[in-house]
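Let me begin by presenting the structure, written as structure tokens, before commenting on it.
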Amino acid sequence: MYQKPNSRLINQTCIVTGASSGIGKEVAIAMGKDCANVIVNYLDDKETAEEIAHEITSMKYHGTAIAVQADVSKEDQVQAMFKTAKDKYGTVDILVANAGLQQDAAFHEMTLKQWQKVIDVNLTGQFLCAREAVREFLGRGMRPDVSHALGKIIHMSSVHQIIPWAKHANYAASKGAIVMLMESLAQEYGPQKIRVNSIAPGAIKTPINKEAWGTPEALKELNKLIPYNRIGQPSDIGSAAVWLATDESDYITGTTLFVDGGMTCYPGFTVNG
Ligand code: BGC
């Protein structure tokens, strides 16, 4: 049951990568609820992506949505996705570079393929999408009727941009690199009024980490890592992403917003150290 929407993103278009499940799906829906047009990017789950696009469009708020296939690690596919967005909606105002994956392995057993795949999608994918977004923002110029900023980029990072993660070295390395990508872009394009920020989710209930919450015992262990004592919901990230895309956060750039129930407060130290 949807509540009455805000209209903070009216007449703006948002690309959300990896939007056919988990965090990306809820970010796409939250953008739609705030009246944005949404590109629901997916890799291979066309049916679900189309359902999500239909769900957003049929909310009958101001924006509509379309599902667009692209592998974010492939330059030509990212460029084609931006072209489709521009053909349909005229321009792109917001990018949420969310698509990401894990391929976990003990470091001494990690294959080059596992390392490369995670870097290709989680890091190179965010580079390719952010670069296309910056090109589009610079090429079209300001739209003062819709936003104080020339454009907004939100990188989906993770608490593992600062929390080391045994048996996930490829994933943690990719997220650690996102910080410098994001901050460098914020520094480079601040003068042109492009805002670039990251969201660092903690443990959010999605398919990527089902092992960590799929049984009551696992969830109990997980909660020990979360001072706020509950697993995050994808909508917790959706509302943060929308806020970072609106002019309410106009003076925020080059920042990582941790949405983690306090996971980065290292609760292990409550009883030790
Ligand atoms: C990972 C999840 C993990 C969470 C907290 C995320 O970035 O994708 O698998 O549960 O960090 O550790």
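The values are calculated or read from the model by the stated rules, or taken from the named source; none is laboratory data. Just so it is clear, the structure is predicted and the values come from calculations on it, not from any experiment. Reconstructed Cβ throughout: ideal geometry from the backbone, glycine too, with neighbour counts over all protein chains shown. Protein only, heavy atoms only, side chains kept; ligands, DNA and RNA dropped before computing areas. Shrake-Rupley method; radii C 1.70, N 1.55, O 1.52, S 1.80 Å.
Annotations for the structure displayed:
- The range 191-204 - residue that is touching a residue at least 12 places away in the same chain (Cβ under 8 Å) and open to solvent by 30 Å² or more (accessible area, probe 1.4 Å) and, of those, nearest to the chain's Cα centre (by Cα): LYS193
- Count - residues of the range 152-171 that are in contact with an Asp or Glu (Cβ under 6 Å, 6 or more places away or on another chain) and either more than 16 Å from the ligand (Cβ to nearest atom) or farther than 18 Å from GLY125 by Cβ (or both): 2
- In the range 102-115 there is no residue matching the filter, namely being open to solvent by 50 Å² or more (accessible area, probe 1.4 Å), touching a Leu at 6+ places or on another chain (Cβ under 9 Å), under 23 Å from ALA177 (Cα atoms) and not aromatic (Phe, Trp, Tyr).
- Test for SER174: is it within 22 Å of GLU132 (Cα to Cα) and within 13 Å of the ligand (Cβ to nearest atom): yes
- One residue stands out among those in the range 177-188 that are in contact (Cβ under 8 Å) with a residue 12 or more places away in the chain and surrounded by fewer than 22 Cβ atoms within 10 Å (Cβ to Cβ): the one that is farthest from the ligand (Cβ to nearest atom), which is GLN187.
- Scanning the range 92-117 for residues that are of a type in the set (Asp, Glu) and under 20 Å from the mean Cα position of the chain (by Cα) yields one hit, ASP93.
- Among the residues here, LYS88 qualifies as within 24 Å of VAL38 (Cα to Cα) and of a type outside the set (S, T, N, Q).
- Being under 24 Å from ARG143 (Cα atoms), out of contact with any helix residue (DSSP H, G or I) (no Cβ under 6 Å at 6 or more places or on another chain) and surrounded by fewer than 16 Cβ atoms within 10 Å (Cβ to Cβ) holds for only one residue in ASP93, ASP76, ASP87, and it is ASP87.
- Options ALA53, ALA97, ALA133: the member that is more than 16 Å from the ligand (Cβ to nearest atom) and touching a residue at least 60 places away in the same chain (Cβ under 8 Å): ALA133
- Single unsatisfied condition, GLU47 versus (1) modelled with pLDDT of 95 or more; (2) open to solvent by less than 80 Å² (accessible area, probe 1.4 Å): (2)
- In the range 195-231, the residue that is farthest from the ligand (Cβ to nearest atom) out of those that are assigned to a helix (DSSP H, G or I) and among the basic types (Lys, Arg) is LYS220.
- Leading residue by the ranking (surrounded by the fewest Cβ atoms within 10 Å (Cβ to Cβ)) among those in the range 232-252 that are closer than 21 Å to HIS148 by Cβ and within 16 Å of the ligand (Cβ to nearest atom): ALA240
- Total residues in the range 253-273, condition away from the ligand (no atom under 16 Å from the Cβ) and open to solvent by less than 40 Å² (accessible area, probe 1.4 Å): 1
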